[in-house]
Amino acid sequence: MTTNICESLNSKLKIDRDLPVASLLEAIREFLQRWFYERRKAASCLKSVLSSWSEGLIRKLVDESRSFIVNPVSEVEFQVVDGGKNFLVKLNCNSCSCLFWDLEEIPWAHALIVICSLNLNPYAFVSQYYYATVLSATYGGLVRPIGNHTDWSVVEMNDNILPPVFRRPAERPRKRRIPSIGEVSKSSKCSRCKRAGHNIRTCTFEPI
């Protein structure tokens, strides 16, 4: 499975990857330099405990969980009724039977309703990787320029190193990002009839 980060970088470097190796590496360095600066600046302006995405997600999940019913099983285990479904929340293990908390390390709505009903701090149950301080430290490093290519010293080599043998496939190389498993691509929507699957140029329906 290809990760989203790898595919996003591949899409970002769609034009630059056709350049020679040295120019491609310089394009990657410039992109990372700008990327680190913008995210470091945004992280330094955060006034919340968690990142903006994490804070927004928790607020949204707390609102969704207001209709849930909590039935205690023990001091650390709770049954949460969500509509017609039952979920088991274990606070001592940071676990929920929906498995979202286990995988993402951030409480889902079933766990948040239990945490709020006990008057506990939700931040205490969130992984440190979602904290604003960790986000700021992630982009704390600097990506500096490496100088001009003309100033580089050329290393003398006795052996003539040839590139590997490569056979280009007959079809055109793929440049579009490969969607991850479960990712739904956005379909076009016609501005004339408001239906999906085509645009106004190929529309044969009556306008709305």
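FYI, it's all coordinate maths here, none of it is from the lab. Source: prediction; values computed, not measured. Heads up, the Cβs are rebuilt from the backbone with ideal geometry, glycines too, and the neighbour counts pull from every protein chain shown.
Numbers at a glance
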item: Lysines whose Cα lies under 24 Å from that of residue 60, excluding same-chain neighbours fewer than 8 positions away; result: 47, 85, 90, 186
item: Label assignment, mean projected area of the Cα convex hull in nm² derived from the structure, set (1) 21.7; (2) 12.8; (3) 14.8; result: (1)
item: Calculated FRET value between residue 161 and residue 34, using beta carbons and R₀ = 35 Å, to 0.05; result: 0.60
item: Fluctuation leader among 125, 87, 166 - the chain, Gaussian network, Cα springs under 10 angstrom; result: 166
item: Debye-sum result for region 24-140 in log10 I(q)/I(0), which assumes one identical scatterer on each alpha carbon, at q = 0.10 Å⁻¹; result: -0.39
item: Förster radius 45 Å - calculated FRET efficiency between residue 191 and residue 70, Cβ distance, rounded to 0.05; result: 0.45
item: Prolate/oblate/rounded call for region 32-80, Cα gyration tensor, a/c under 1.5 rounded; result: prolate
item: Mean shadow area of region 1-83, taken as a quarter of the surface of its Cα convex hull (nm²); result: 10.1
item: Sorted peptide list for 48-59, 13-24, 141-152, 68-79, criterion being average Cβ within 10 angstrom, highest first; result: 48-59, 68-79, 13-24, 141-152
item: Efficiency of FRET from Cβ geometry, residue 174 and residue 149, R₀ 25 Å, rounded to 0.05; result: 0.25
